[in-house]
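Just so you know, all these numbers are worked out from the coordinates, no wet-lab data involved. On a predicted model such as this, the values are computed, not experimentally measured, just so you know. Don't worry about glycine lacking a Cβ; one is built from the backbone with ideal geometry, like all the others, and counts go over all protein chains shown.
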Amino acid sequence: MTTPSQRRKPPLGIVTRPGSSLRNKTGSWGILRPVFDCDKCTGCNTCESICPEGCIRHLEKKRYEADIEFCKGCGLCAAACPASAITMVEEHR
Amino acid sequence: MRKMIEGSRAVAEAVGLCRPDVISAYPITPQTHIVEELSQMVADGDIEAEYVRVESEHSAASVCLGAVAAGSRAYSATTSQGMLLMIEVLYNIAGMRLPMVITGVNRAVSAPLNIWNDQQDTLAVRDAGWIQLYGESSQECLDMHIQAYRIAEDDRVLLPVMVCMDGFILTHTYETVDVPTQEQVDTFLPPYNPLFKLDPADPITLGAYAGPELYHEVRYTMHREALGAKEVVKEVARQFRDAFGRWSGDVVEPYRCEDAQTIFVAMGSVVGTLKEWVDAARARGEKVGALKLRCYRPFPQEELREALSGARQVNVLEKAVSIGAQGVVTPEVRAALYGQASQPRVACAVVGLGGRDVTFGTMDEVLSRAREGETDFFAGLRAEVLEES
């Protein structure tokens, strides 16, 4: 019986290990990104919880940011924000 | 031990000797006897496999896919409509590089409904990434299943193997076969030792996603390794000969081809008839030979070139037709000879669809029509039936 070290690598592109989505930076898909208005923001967390990418981070009480490497610019956060504190702006990445 | 048994029983015994962990199949004529025998063997405690009953061939193939992904040795069998229903999963099994074995019992495809033999079904899945071996006799099919697991599970291959076996002609006829002992098979075929498998302790995903930046290379390497599998098929045939003392060719098997001016190329049980006919035709002075195409995928281009380039005429007997084009195997035979200094003419003769007998008369007809210059034709047509059309 061969030991693992004597054996070939798995065929290309077939075996994926956990955490690989972090390498798949989907941010380039988008043409819009959210801009947060801290003066209007109430810190309610709606944007963070609705983001399908999970890329909005709650930095402090009324301050959020979107991770542009993964934000696809879908605009759900802006549409859902009860305080209208998020504006989608065009950005070609 | 030599036994006088049905072809299906011979395959079931071979599969049982390979110690599969999981068998899943849906019954369909003429594959039924194989999986009936296997389920009986499981029920009687003769083999330790788990037999999973399912509601369709799509599910049977899916059960096997999961079983191999989890590190088991798996087996299934199907034919015709069942093969077509499996096709999506067949591509996935090959694409995930999961070694398993399926008996592709050869039967015509509907419509019209026909349960008898031709090879349209397995040839319809030729591009899925499976290695395809075509057996001439029950003994060869028995031997091929034992070889098939060893080929599939080889680290250089990691592709599933389909052993193609003509329905009724082989599955339902009795033949004396030499069934090896469990010890012999255990020595030849060690337990499956997967290179990768689904395991909660070391989680992985298989075949999940490959975008345009990766997929092209994944398919390229799969194709390259499938082409390389040809050497493993040959190597395993030699090792099988050394271990069991039987030889029925590796990727091809030439029969009386050395000085042949005309060589017939064929796959499966019709090769048996063809060899008998070659003897008869040679007795009346025809310089003919036969070339069995034993391994159709990977396609043995170099071996065909070597075996055929000395001939003046090559006649391919086709048990399937690409409707609106020509036979399925012939274009690849012609391509193998393309650009060679010596180029025999290659005729494509479609024979024996839907169980029509292929007889010495059929071979005579192919020989004379090709000699008269016909290149693409159906042999053995019944004029009285065509008159009604």
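Here is how the numbers come out for the structure above:
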quantity	calculated
Whole-Å semi-axes of the ellipsoid equivalent to the stretch B:1-99 (Cα gyration tensor, √5λ, descending)	22, 16, 12
Listed residues A:VAL15, A:CYS81, A:ILE56: farthest to the positive end of the dipole of chain A (Cβ charges)	A:VAL15
Part-to-part distance (alpha-carbon centres) for the stretch B:137-213 and the stretch B:281-324, which is given in Å	27 Å
The stretch B:56-128 versus the stretch A:1-75: alpha-carbon centroid distance in Å	39 Å
Computed over the stretch A:42-93, Kirkwood Rh from alpha-carbon pairs, angstrom	11.2 Å
Extension gain (nm, one decimal) between B:ASP46 and B:ARG2, 0.36 nm per residue minus Cα-Cα	13.9 nm
Debye log10 I(q)/I(0) for the stretch B:252-386, one point scatterer per Cα, at q = 0.10, 0.15, 0.18, 0.20 Å⁻¹	-0.28, -0.65, -0.96, -1.22
Rg(Cα) / (2.2 N^0.38 Å) computed for the protein assembly as shown, rounded to two decimals	1.22
Least to most buried among A:CYS51, B:CYS257 (fewest other Cβ within 10 Å first)	B:CYS257, A:CYS51
DSSP-defined antiparallel bridges as percent of all bridges, chain B, nearest 5	25 percent
³J(HN,Hα) computed for each position of the stretch A:31-48 - Karplus, 6.51 cos²θ - 1.76 cosθ + 1.60, integer Hz, glycine/proline x	10, 10, 9, x, 10, 9, 9, 5, 6, 7, 4, 9, x, 7, 6, 4, 4, 5
Selection from B:CYS64, B:PRO203, B:SER80 lying farthest towards where the dipole of the stretch B:2-244 points positive, charges on Cβ	B:SER80
Where a label projected 7 Å from the Cα of B:ARG371 along Cα→Cβ would reach, residues of the stretch B:313-341 with amide N under 15 Å	B:313-315
Taking all pairs of distinct alpha-carbon atoms in chain A, Kirkwood radius in angstrom	15.3 Å
B:SER309 versus A:THR87: modelled label distance in nm, points set 7 Å from Cα along the beta carbon direction	7.5 nm
DSSP bridge orientation in the stretch B:252-386 - percent antiparallel, rounded to nearest 5	20 percent
Percent breakdown of C-alpha pair distances by 20 Å bin, ordered from the shortest bin, for chain B	29, 58, 13, 0
At R0 = 56 Å, FRET efficiency that the Cβ-Cβ distance of A:ILE68 and B:TYR338 yields, to 0.05	0.55
Nearby lysines by direct alpha-carbon distance to B:LYS234 (threshold 29 angstrom, same-chain neighbours under 8 apart not counted)	A:LYS9, B:LYS3, B:LYS197, B:LYS275, B:LYS287, B:LYS292, B:LYS319
Dipole magnitude of the protein assembly as shown about its Cα centre (Cβ charges: Lys, Arg +1; Asp, Glu -1), debye to nearest 20	1200 debye
Exposure proxy order (Cβ contacts within 10 Å, fewest to most) of A:ARG23, B:ARG305	A:ARG23, B:ARG305
Cubic angstrom per residue, convex hull over Cα atoms of the stretch B:65-108	61 Å³
Dipole axis of the protein assembly as shown (+1 Lys, Arg; -1 Asp, Glu on Cβ), positive-most option in B:GLY352, B:VAL218, B:PRO160	B:VAL218
Shielding by partners - mean other protein chain Cβ count within 10 Å, residues of B:94-100	2
Lys, Arg +1 and Asp, Glu -1 on Cβ, resulting dipole of the stretch B:228-325 about Cα centre, debye, nearest 20	180 debye
Ranked list, fewest to most other Cβ atoms within 10 Å of each Cβ, for B:MET162, A:MET88	A:MET88, B:MET162
Cβ charges +1 (Lys, Arg) and -1 (Asp, Glu), total dipole of the stretch B:207-255, debye	180 debye
FRET efficiency, 1/(1 + (r/R0)^6) with R0 41 Å, evaluated for A:ARG57 and A:GLN6 via beta carbons	0.35
Relative packing of peptides A:28-36, B:280-288 - highest average C-beta neighbours within 10 Å first	A:28-36, B:280-288
Ordering of B:74-80, B:164-170, B:86-92 by packing [mean C-beta count within 10 Å, highest first]	B:74-80, B:164-170, B:86-92
Straight-distance crosslink candidates among lysines, where the alpha carbon sits under 24 Å from A:LYS61 and sequence neighbours closer than 8 are dropped	A:LYS40
Fraction of beta bridges assigned by DSSP in the protein assembly as shown that are antiparallel (%, nearest 5)	35 percent
Pairwise FRET efficiency - B:VAL54 versus B:GLN261, Cβ, R0 = 41 Å, nearest 0.05	0.20
